[in-house]
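Input: a single structure, listed below in structure tokens.
The values are calculated or read from the model by the stated rules, or taken from the named source; none is laboratory data. The structure presented is a predicted model; accordingly, all values stated were derived computationally and were not measured. Positions of Cβ are generated from backbone atoms using ideal geometry, with glycine treated the same way; all protein chains shown enter the neighbour counts.
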Amino acid sequence: MGRRNLDPEDIVRYEEGGPAVVLLDQRRLPDEEVELECRSVAEVVDAIRDLAIRGAPAIGLAAAYALALAAELGADLEEAAAQLAASRPTAVNLAWALEQMRDEPTPAHARALHEDEVERCRAMAGHAAELFHDGTRALTHCNAGGLATGGYGSAVGAFRTAWERGLLERVWVDETRPLLQGSRLTAWELENAGIPHAVIADSAAASLMAAGEVDCVVTGADRIAANGDTANKIGTYSLAVLAAHHDIPFYIVAPTSTVDLATASGSGIPIEERSAAEITTRFAARNPSFDVTPAELIGAIVTEHGVHRAPYAQSLSALV
Ligand code: MRU
């Protein structure tokens, strides 16, 4: 397989000519690289809802570009922001990015936010790599790669930097049912980066841990409450419980745009329920898309400012 290095503007960008918000359609990866051109706010809202673009920082960036598009089209900005904010409820980055754009809804401002987000990833990857040691075998869930952050990645960014420093042996990639962000997107990104990895069924994590084949678990986050409780893709909580049982450190890597000090604890984080049809169309189903990992199961939260340890109410309070 050839290596494909994505630039930030390959993931999401603003095009003046159309004008349009253009994004790499993540639903089609890894089989096809197809761009989706969104020429209205409603089209961006649909793209976010349908996961054509997904991952907490990346949907924030798509919303930022969409607000610039709304301004250029002369649309009602309050209405546009309300529609974008409601497109997915769990990741706080959406509301964060819209708030940042409020006073200056221009393409240049959205691009500056995009550059900042990628810079944050590089900084947090540098800090997170300090948690790795020679020959680390890390396990991850969902996709916290460049696709999810607009470039470089949070958890995957940590793997990139640890790999460059010679500290990473391999990454175990949870498939991530039901939509397979792990086996479709994270595996593709790691392959493109030349980082050794193997996809596992989500349910295989416990036995790999018991066999001594996992040195740490590293994931991204969709929202981190003031006390450190962290929402991420459904299945993250069970990994944290398993890691605690096997005495394996569990780390979150996420930018400060994901930290929500206005939400005191995980019980205040809205959890998106997606269509039951994503699980099965044959039987009744429930499809909560995220879960909350309690702070006491998290060994460290890494942001662009450094490695933060419990008690998180203190270590996170100075951040935002
Ligand atoms: O439903 P998704 O694919 O948007 O879920 C994404 C995740 O749960 C990621 O782990 C999270 O957004 C962190 S991305 C850096």
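Residues of the stretch 95-113 being over 12 Å from residue 65 (Cβ atoms) and touching a residue at least 40 places away in the same chain (Cβ under 8 Å), which ones? 96, the sole residue that qualifies. Does residue 264 satisfy the criteria of being within 16 Å of the ligand (Cβ to nearest atom) and among the hydrophobic types (A, V, I, L, M, F, W, C)? The answer is no for residue 264.
Take the residues in the stretch 179-194 that are crowded, with 18+ Cβ neighbours inside 10 Å and out of contact with any strand residue (DSSP E or B) (no Cβ under 6 Å at 6 or more places or on another chain), then tell me which one is nearest to residue 245 (Cα to Cα). So, considering only residues that are crowded, with 18+ Cβ neighbours inside 10 Å and out of contact with any strand residue (DSSP E or B) (no Cβ under 6 Å at 6 or more places or on another chain), the one nearest to residue 245 (Cα to Cα) is 181. Taking the listed residues 78, 15, 43, 72, the one that is in contact with a strand residue (DSSP E or B) (Cβ under 6 Å, 6 or more places away or on another chain), more than 24 Å from residue 259 (Cβ to Cβ) and not assigned by TED's automatic domain parsing to the domain that holds residue 291 is 15, with no other qualifying. Residues satisfying the criterion are absent from the stretch 226-237 (criterion: outside any helix (DSSP H, G or I), modelled with pLDDT of 95 or more, within 20 Å of residue 134 (Cα to Cα) and among the polar types (S, T, N, Q)).
Highlighted here are the strands (runs of 3 or more DSSP E) found entirely within the stretch 1-113 that include at least 1 residues which are acidic (Asp, Glu): 12-15, 35-38.
Within the stretch 204-217, one or more residues are in a loop (DSSP other than H, G, I, E, B), more than 14 Å from the ligand (Cβ to nearest atom) and acidic (Asp, Glu). For first residues located in the stretch 24-43 and on the phi < 0 side of the Ramachandran plot, partners that are at pLDDT below 95 and in a loop (DSSP other than H, G, I, E, B) and lie 6+ apart or on another chain with Cβ distances below 9 Å form the pairs 24/6; 33/4; 37/18; 39/18.
Per-residue answers, yes or no, for (1) charged (D, E, K, R); (2) modelled with pLDDT of 95 or more; (3) within 16 Å of the ligand (Cβ to nearest atom):
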{"site": "25", "(1), (2), (3)": "yes, yes, yes"}
{"site": "37", "(1), (2), (3)": "yes, yes, no"}
{"site": "47", "(1), (2), (3)": "no, yes, yes"}
{"site": "66", "(1), (2), (3)": "no, yes, no"}
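Of the helices (runs of 4 or more DSSP H) that lie entirely inside the stretch 124-196, those containing 1 or more residues that are of a type in the set (A, V, I, L, M), within 16 Å of the ligand (Cβ to nearest atom) and within 16 Å of residue 29 (Cα to Cα) span 146-149, 187-193.
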